[in-house]
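Novice: I'd like to ask some things about the structure below.
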Amino acid sequence: NRITAIVRHGFQAELAKQLGASSVLRLPAGMSKRDRYQAVAEEVDGVRLSGRAGNQALVGGFGLTYECTGNRRGLTSALKWTQSRGTVVAVGTTGIARIDTTPIWFDELEVLGANGRQVETLDGRQVHSYDLVLEWMRDGRLDLPAVRARRFSLSDYRRAFDALLSRSSGPIVKAAFDPHGS
């Protein structure tokens, strides 16, 4: 299957390619909505349409979209960038947010929530998703060094959140907290 990763930062584009993305669209902060929609339209051989008040629409789109940002803009974009009768999987935890739900009914989208853990069926056996991930880690099937994580002490939580939000101290994907760190 063709996998397109949509990223904001250069290091995320490199990581997506390293982990097997077929194509990467870099849509940095500050890029206009029109240009973001145009880039997606070109990626999916679709057509971007302009509406009132700067609203944008897409004819065509991805058949299956995973939304992993956990923010309202990301979820709205995922809904609008998915083709009619396609599926959006909301992986990021958006919470209560104001989003444009028009594509759900207009394009008859299937929207699924992913909670991150469940019992999977793999090779005829039932296995909890956490156990499966631990198994894959043990067997070397996951490229964990590629996922740029940084460790912070609990007392340094503000610096950790700043690093995640601004990427000011270099590429970081996840922050881990060491309860014993000083």
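Novice: Report yes if ARG98 is open to solvent by 90 Å² or more (accessible area, probe 1.4 Å) and under 30 Å from ARG48 (Cα atoms), otherwise no.
Specialist: yes
So that you can scan it fast, the table gives a plain yes or no per residue for (1) of a type in the set (A, V, I, L, M, F, W, C); (2) at pLDDT 95 or above; (3) over 14 Å from the mean Cα position of the chain (by Cα):
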residue: THR4; (1), (2), (3): no, yes, no
residue: VAL7; (1), (2), (3): yes, no, no
residue: ALA16; (1), (2), (3): yes, no, no
residue: SER22; (1), (2), (3): no, yes, yes
residue: ALA29; (1), (2), (3): yes, no, yes
residue: LYS33; (1), (2), (3): no, no, yes
residue: ALA39; (1), (2), (3): yes, yes, yes
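Novice: At pLDDT 95 or above, touching a Gly at 6+ places or on another chain (Cβ under 9 Å) and of a type outside the set (Lys, Arg), is that true of GLY61?
Specialist: For GLY61, the condition - at pLDDT 95 or above, touching a Gly at 6+ places or on another chain (Cβ under 9 Å) and of a type outside the set (Lys, Arg) - is met.
Novice: On to the next question. Can you report the number of residues in the stretch 110-168 which are touching a residue at least 40 places away in the same chain (Cβ under 8 Å) and open to solvent by 60 Å² or more (accessible area, probe 1.4 Å)?
Specialist: Result for the stretch 110-168: 2.
Novice: Kindly provide the set of residues from the stretch 132-158 that are under 23 Å from the mean Cα position of the chain (by Cα) and part of a helix (DSSP H, G or I), ordered by number.
Specialist: If the condition is that a residue be under 23 Å from the mean Cα position of the chain (by Cα) and part of a helix (DSSP H, G or I), then LEU132, VAL133, LEU134, TRP136, MET137, LEU144, PRO145, ALA146 are the ones that fit.
Novice: Could you grab me the full set of residues in the stretch 52-74 that are free of Cβ contacts under 8 Å to residues at least 24 places away in the same chain and small (Gly, Ala, Ser)?
Specialist: ALA53, GLY54, ALA57, GLY60, GLY74
Novice: Tell me, please, whether a residue that is open to solvent by 40 Å² or more (accessible area, probe 1.4 Å) and among the acidic types (Asp, Glu) can be found in the stretch 53-76.
Specialist: No.
The values are calculated or read from the model by the stated rules, or taken from the named source; none is laboratory data. Note that the structure is a prediction, hence the values are computed from the model and not measured. A quick note on method: Cβ atoms are made from the backbone with ideal geometry, for glycine too, and the neighbour counts reach across all protein chains shown. Please note that ligands, DNA and RNA were not included when accessible areas were found on the heavy atoms of the full protein model with its side chains. Shrake-Rupley method; radii C 1.70, N 1.55, O 1.52, S 1.80 Å.
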